[in-house]
Amino acid sequence: MNGKIVKSIVVFSILLVFISSFTFSTEIGGGFTDSNNRFCLDLYQQVKGDYENVIISPFSISNAFAMVYIGSEGETKSQISKVLNFEDNFDTFIKDFSNLQKELDTSQSSDTCALNIANSSWIQKGYGILESYILSLKEYFDSQINFINFLDSEKAAKEINSWVAKKTNNKIEEIIKPDILNDLTTLILCNAIWFKGSWINEFREKDTVEELFNQSRELSLIVNMMKNQKDYRYKEFEGFKMLEMPYKKGYVLNGAGNSQPSFSMIVFLPDEDSSLEEFEETLDFEKMKDRTESLMRTPMVPVEVKIPKFRVENSYDLNDPLRNMGMVKPFTADADFSKITGNKDLFISDVIHKTYIEVDENGTEAAAVTAIIMSRGAMPMPDDKVEKFHADRPFMYLIRENKTGTILFLGKVTNPAK
């Protein structure tokens, strides 16, 4: 191999991350970036058992709750702040959030990569929502404001779902069912996020073959396994390996195998004598942040990569997970959202979250929608050493924006054939 380092990536149990710049920025997203990423792992622990294959978008949920947060007061505000790790000071919170939004807006779309983030607010016609709150939704969240009649539940659901489908490239076509709406429904706050990226190192379809994916020591599946050998960032840690798979947007070579992609997928692969469950239990915010930063400072080396094609769609009712995390009062009649209406007359009745991801030879497409319904009442290695990193057993993944380090999606795959 002419003195080159070659590594082979076989994904058994992995965590994938999409990223947008070369390093974490602690300034651009401020506290909001770290808040989002901490919440990401907290929520994942709550929902990881809901499906064989999991995907959530902490950024979508945080974005939607940010719109709720600025309308809350008292213990209601404190509980939302504690669960989402939001900054208590309004000016600091809004500054961090706005700076992050502006940074993400600058990296939105190109021929090879696109990121679309959209907010909308759906208000019952004739109900007294404070003008100051509506102005805040427009100014800080660029929210589309819609006045709607929830009593005509079929028409209202159709309008909201049409907006959702448009903003997610039709990957998510329904978030609201008519029967969830009633004569007490007053306000629905929605966030939609859609990402599509092409690999720097595309996989050839002719190289995709059927191989075994080991769900456990006792059970194996036949899946479509992609394969290539290109330059990647790769690093080994105690108990697991990591791989960065960059997307084309913003990609710049800086000598010696260094690059600055706008977005990446990061793969965490537990060792063969471990398991995804064991890895999940040891993963925390500081460990994820430290290891990812370390990987992104590592020069690129030749790696043989194997990873299965997969597609996942999930739907979550987040009421109970959020209550379990400590957000109780916002779901009760004692909630205080007086900065929305001027009265303590609203509470959160439902938090619905839908997600989608597809990974294939060309790249990745992912989408998420969150609807909050409010009702009244590199280490050096010897030359020529070939490491194996083959994704042939359950893995965990997340999508991150690199410049700020904001996690957009997080999930796991235990059955790619499903």
Can you work out which of the residues in the range 170-212 that are assigned to a helix (DSSP H, G or I) and assigned by TED's automatic domain parsing to the domain that holds residue 333 is nearest to residue 57 (Cα to Cα)? 180
Need the failing condition index for residue 199 against (1) closer than 30 Å to residue 342 by Cβ; (2) in contact with a Gly (Cβ under 6 Å, 6 or more places away or on another chain); (3) not aliphatic (A, V, I, L, M), just the number. (1)
In the range 89-105, the residues that are touching an Asp or Glu at 6+ places or on another chain (Cβ under 7 Å) and more than 12 Å from residue 404 (Cβ to Cβ): 93
State which residue is modelled with the highest pLDDT when the search covers only the range 404-418 and only residues that are surrounded by 24 or more Cβ atoms within 10 Å (Cβ to Cβ) and part of a loop (DSSP other than H, G, I, E, B). 416
Regarding residue 313, is this residue of a type in the set (Asp, Glu) and in contact with a Phe, Trp or Tyr (Cβ under 9 Å, 6 or more places away or on another chain)? yes
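Got a sec? Which of 160, 172 is farther than 16 Å from residue 374 by Cβ, modelled with pLDDT of 95 or more and crowded, with 20+ Cβ neighbours inside 10 Å?
One residue alone meets the criteria, 172.
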Do the conditions hold for residue 75, that is, is it under 19 Å from residue 140 (Cα atoms) and in contact with an Asp or Glu (Cβ under 8 Å, 6 or more places away or on another chain)? no
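Please list, ordered by residue number, the strands (runs of 3 or more DSSP E) wholly in the range 288-369 having 1 or more residues that are in contact with a Leu (Cβ under 7 Å, 6 or more places away or on another chain) and modelled with pLDDT of 95 or more.
347-359
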Which of (1) over 30 Å from residue 213 (Cβ atoms); (2) surrounded by fewer than 22 Cβ atoms within 10 Å (Cβ to Cβ) is the odd one out, the single condition residue 52 does not satisfy? (1)
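The values are calculated or read from the model by the stated rules, or taken from the named source; none is laboratory data. Note that the coordinates shown come from a computational prediction; the quantities given were computed from them, not determined experimentally. Note that each Cβ is placed from the backbone with ideal geometry, even for glycine, and that neighbours are counted across all protein chains shown.
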